[in-house]
1. For the stretch B:74-81, check the following and say yes or no: at least one residue is over 30 Å from residue A:93 (Cα atoms), surrounded by 13 or more Cβ atoms within 10 Å (Cβ to Cβ) and at the interface with chain A (Cβ under 10 Å from one of its Cβ atoms).
2. Which of the residues belonging to the stretch B:10-34 are in contact with a helix residue (DSSP H, G or I) (Cβ under 8 Å, 6 or more places away or on another chain), without any contact (Cβ under 8 Å) to a residue 40 or more places away in the chain and either surrounded by fewer than 23 Cβ atoms within 10 Å (Cβ to Cβ) or farther than 18 Å from residue A:16 by Cβ (or both)?
3. Of the residues A:9, A:24, A:15, which is at the interface with chain B (Cβ under 7 Å from one of its Cβ atoms), surrounded by fewer than 18 Cβ atoms within 10 Å (Cβ to Cβ) and in contact (Cβ under 8 Å) with a residue 12 or more places away in the chain?
4. Which condition breaks for residue B:103 when tested against (1) more than 25 Å from the chain's Cα centre (by Cα); (2) within 7 Å of chain A (Cβ to nearest Cβ)?
5. With B:136, B:155, B:145, B:108 as the choices, which residue is under 30 Å from residue A:87 (Cα atoms), surrounded by fewer than 15 Cβ atoms within 10 Å (Cβ to Cβ) and at pLDDT 80 or above?
6. Take the residues in the stretch B:40-50 that are under 21 Å from residue A:16 (Cβ atoms) and surrounded by fewer than 22 Cβ atoms within 10 Å (Cβ to Cβ); name whichever of them is modelled with the highest pLDDT.
7. Which of the residues belonging to the stretch B:99-113 are outside any helix (DSSP H, G or I) and over 12 Å from residue A:9 (Cβ atoms)?
8. Can you tell me which residue within the stretch A:57-79, out of those that are under 19 Å from residue B:68 (Cα atoms) and crowded, with 20+ Cβ neighbours inside 10 Å, is nearest to the chain's Cα centre (by Cα)?
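The values are calculated or read from the model by the stated rules, or taken from the named source; none is laboratory data. It should be emphasised that the depicted structure is a prediction, and the values quoted were computed from it without experimental measurement. Counting neighbours? That spans all protein chains shown, and the Cβs are built from the backbone with ideal geometry, glycine included.
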């Protein structure tokens, strides 16, 4: 049982870190604001996966589900507000290129 | 166990598709696919409530938000699109290689890990944990939702000075 648990832990840790690499690469290498949001979403999905796995491995699945529900609610609010900011940016500059933000005041 | 590995690989590939594709609409669909696979994984691991939330909110609502934003922006001219696509391929070809190298390193240098599981909670029901043990989380969620509504009113409320 111990070895099997260790293998499952290693498997999920591998995929968690690979998803984190994907998300960070997307955020750092793109200039499109919507793609930055997509990278952020991928990072949140990696974290959600690991929270559920933590509940699965420790047997506290009810607590893990509660935390995941909180994460999902906050994720939705962040995405909606970010979408609004991106649309405002697009109306101002007629582009989603993040380099245009250099022209902003302040 | 095998189906779990298959789902994890599928989730990683869907995320990779979302990052690599040059069309934003395809990226939004790939993100929804990632959410669907994650919710199947949650069902597999015995978290049905979180899986339903993930499926309805992340695969449904967030995809709708993304597609609405994409439909409100306009398409690039074909020549510029092709140039940017070429530029994207140059910037993003390294990502699958990086993922393959990282995955291979994790596979090769696998160490036996001592996993210490904490004591189980006596309350195993989600509704009891949610409504009694983590009540503060619910208040925080309500405050975050109200902040989101306030933000939406500010951002989408229209400009009164211009008469809109």
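1. Step one: filter the stretch B:74-81 for residues over 30 Å from residue A:93 (Cα atoms), giving none.
No.
2. Residues of the stretch B:10-34 that are in contact with a helix residue (DSSP H, G or I) (Cβ under 8 Å, 6 or more places away or on another chain), as a first pass: B:10-12, B:14-22, B:24-34.
From what's left, without any contact (Cβ under 8 Å) to a residue 40 or more places away in the chain: B:10-11, B:14-15, B:17-18, B:21, B:26-27, B:29-34.
Listed by number, the residues that qualify are B:10, B:14, B:17, B:21, B:26, B:27, B:29, B:30, B:32, B:33.
3. Values: A:24 fails: at the interface with chain B (Cβ under 7 Å from one of its Cβ atoms); A:15 fails: surrounded by fewer than 18 Cβ atoms within 10 Å (Cβ to Cβ).
So the residue among A:9, A:24, A:15 that is at the interface with chain B (Cβ under 7 Å from one of its Cβ atoms), surrounded by fewer than 18 Cβ atoms within 10 Å (Cβ to Cβ) and in contact (Cβ under 8 Å) with a residue 12 or more places away in the chain is A:9.
4. Here residue B:103 clears every test but (1).
5. Values: B:136 fails: under 30 Å from residue A:87 (Cα atoms); B:155 fails: surrounded by fewer than 15 Cβ atoms within 10 Å (Cβ to Cβ); B:108 fails: under 30 Å from residue A:87 (Cα atoms).
None of the other options fit; the residue is B:145.
6. B:40
7. Result: B:109, single match.
8. Our first condition is that a residue be under 19 Å from residue B:68 (Cα atoms); within the stretch A:57-79, this holds for A:75-79.
With crowded, with 20+ Cβ neighbours inside 10 Å added as a condition, the list becomes A:75, A:79.
Working: A:75: 8, A:79: 10 Å.
Here the answer is A:75.
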